Amino acid sequence: MDDLDPWRKALQSFAELRDIFKSFERYLIPDSAKPLGVAVSGGGDSVALLCLLHLWGKRPLEVFCVDHGLNPQSAGWCAQVEALAHHLGHGFSKLDWIGDKPATGIQAAARQARHGLLAEAARGKGIEVLCLGHNRDDIREAHLMRDMGSSVGTPEMWAPSPVWPQGRGVFIYRPLLNVPRQRLRDWLTTIGVGWVDDPANDNPKFLRSRARTELTGREPAALNLPDALINISEFLSVPQTLGWSGILTMEADYLLNLPQAAAHKVMAAAMVSAGGGARLPRSDSVAAIVSGLKRGEAGPFVLSGARLIWCENTILIGREPGDMTRRAVTPLTLAPDTADMWDGRFEVRAGTRPVTVMAVQGHKGALSEVDLAQYLQVPAGLRGALPVVKMGSETGNRLVLLSEPDNSDGVTLRSWVALRFLYALGQVANEYDLLRRL
């Protein structure tokens, strides 16, 4: 009998936990050498998730624990998580939320900071899948919180990281969404693994705590099924000839013939992706654009830092140059062989010399004839947002339009606009899809 036999035997009384292993096989690639990230706070949900993934035993794990610094005991909680991770033989990283904390909205701010820290840490270790311990009760609480006036979203089984651009390329996997919170704790008690209870979960000043209290003793309602995948085959069939410039191209008939809810989702995803921002636009603003298009209005429409123009039967959505001025998008200077995101749209890596990335707006006259010809291929209302790099040479500084994945100066450009759009529409449904690299 090995050390995990008691854990396996305990599962015989927990059918919903046995089903978790089917979920692992559906969403994750077994026996991959690439580690999975696991966010563990020390609470019963995330501790149970770590134990279940360890019991599955088919992937190396990297355990992340965020210390928000909001409770004097938090450092001790992280130490307990570290001890458990090391006892199970997995890597451990402690992540600290440092800096000033807001006086109001602390839980929302902590959630945003936590996702940002986790995404940055995962990317730093080459991790693309981050496992979180949300459970069935978290879905019920989110529904009630929205009824109480919150804008909190419903946890999804599989979704791109909710922070941008830190979360680019990182996906969140929540395999416990069909399991009630108490069942997770019951299993931990059976196998003799402890957890911590954050007193903030019972503090009535927080909306989530009040929702949790109100739901105590209620019979769970049936869970809503996730939305069906939107068919974007027609979008994919349209050549994305301007993809290098961060512009999405789709046929107008495709968008206008979508069911209303699907059209709104496509529009919201397109505008935030092309605009490079972090937040989805307001639903009423999205509805106004879709309604205008259905009435035959040609636009342009501006939302979330993006501009939509309608040319014949083609809709083009790209960055709004005027918004870059209003939001004062600053140039990005890169040291040799370093990379970073510029304007939430482009990941740029410098070659052997330092470079500065900025918008072409105001610098058109400095472009070479070749770059100018490329520049003129873009519709007039979207040209000013194109990226250029300023780099030194023997004859002084010169501007180069970043129009290809890798130019002769070794500066690498990667537009995240189209990928982010596809990710937002659920076109990556599991780790197998990530391997295919849309």
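The values are calculated or read from the model by the stated rules, or taken from the named source; none is laboratory data. In this text, all values refer to a predicted model and were calculated from it rather than measured experimentally. Every residue, glycine among them, receives a Cβ derived from its backbone with ideal geometry; neighbour counts consider all protein chains shown.
Here V428 meets the list (1) more than 30 Å from P35 (Cβ to Cβ); (2) at pLDDT 90 or above; (3) touching a strand residue (DSSP E or B) at 6+ places or on another chain (Cβ under 9 Å) almost entirely, failing just condition (1).
The set of residues in the range 79-122 being part of a loop (DSSP other than H, G, I, E, B) and farther than 21 Å from L50 by Cα consists of W97, I98, G99, D100, K101, P102, A103, T104, G105. Of all residues in the range 309-341, those satisfying the criterion of being modelled with pLDDT under 90 and of a type outside the set (V, I, T) are C311, E312, N313, R326, R327, A328. The one condition from (1) of a type outside the set (S, T, Y); (2) within 30 Å of D100 (Cα to Cα); (3) buried (at least 20 other Cβ atoms within 10 Å of the Cβ); (4) free of Cβ contacts under 8 Å to residues at least 60 places away in the same chain that V40 does not meet is (4). State all residues of the range 366-389 that are among the aliphatic types (A, V, I, L, M), over 19 Å from G275 (Cβ atoms) and outside any strand (DSSP E or B); if no residue qualifies, say none. A366, L367, V370, L372, A373, L376 - these are the residues of the range 366-389 that are among the aliphatic types (A, V, I, L, M), over 19 Å from G275 (Cβ atoms) and outside any strand (DSSP E or B).
The conditions of being free of Cβ contacts under 8 Å to residues at least 12 places away in the same chain, within 23 Å of the chain's Cα centre (by Cα) and either more than 18 Å from L88 (Cα to Cα) or in a strand (DSSP E or B) (or both) are met by E25. Here A85 meets the list (1) touching a residue at least 12 places away in the same chain (Cβ under 8 Å); (2) over 20 Å from P175 (Cα atoms) almost entirely, failing just condition (2).
What about A274, is it aliphatic (A, V, I, L, M), out of contact with any helix residue (DSSP H, G or I) (no Cβ under 8 Å at 6 or more places or on another chain), outside any loop (DSSP other than H, G, I, E, B) and under 30 Å from S161 (Cβ atoms)? Against the criterion (aliphatic (A, V, I, L, M), out of contact with any helix residue (DSSP H, G or I) (no Cβ under 8 Å at 6 or more places or on another chain), outside any loop (DSSP other than H, G, I, E, B) and under 30 Å from S161 (Cβ atoms)), A274 does not qualify.
Taking the conditions (1) assigned to a loop (DSSP other than H, G, I, E, B); (2) at pLDDT 95 or above; (3) over 30 Å from M391 (Cα atoms) in turn, G344 satisfies each one other than (3). For residues that are surrounded by 20 or more Cβ atoms within 10 Å (Cβ to Cβ) and either at pLDDT below 90 or outside any loop (DSSP other than H, G, I, E, B) (or both), tally how many sit in the range 347-365. Number satisfying all stated conditions: 5.
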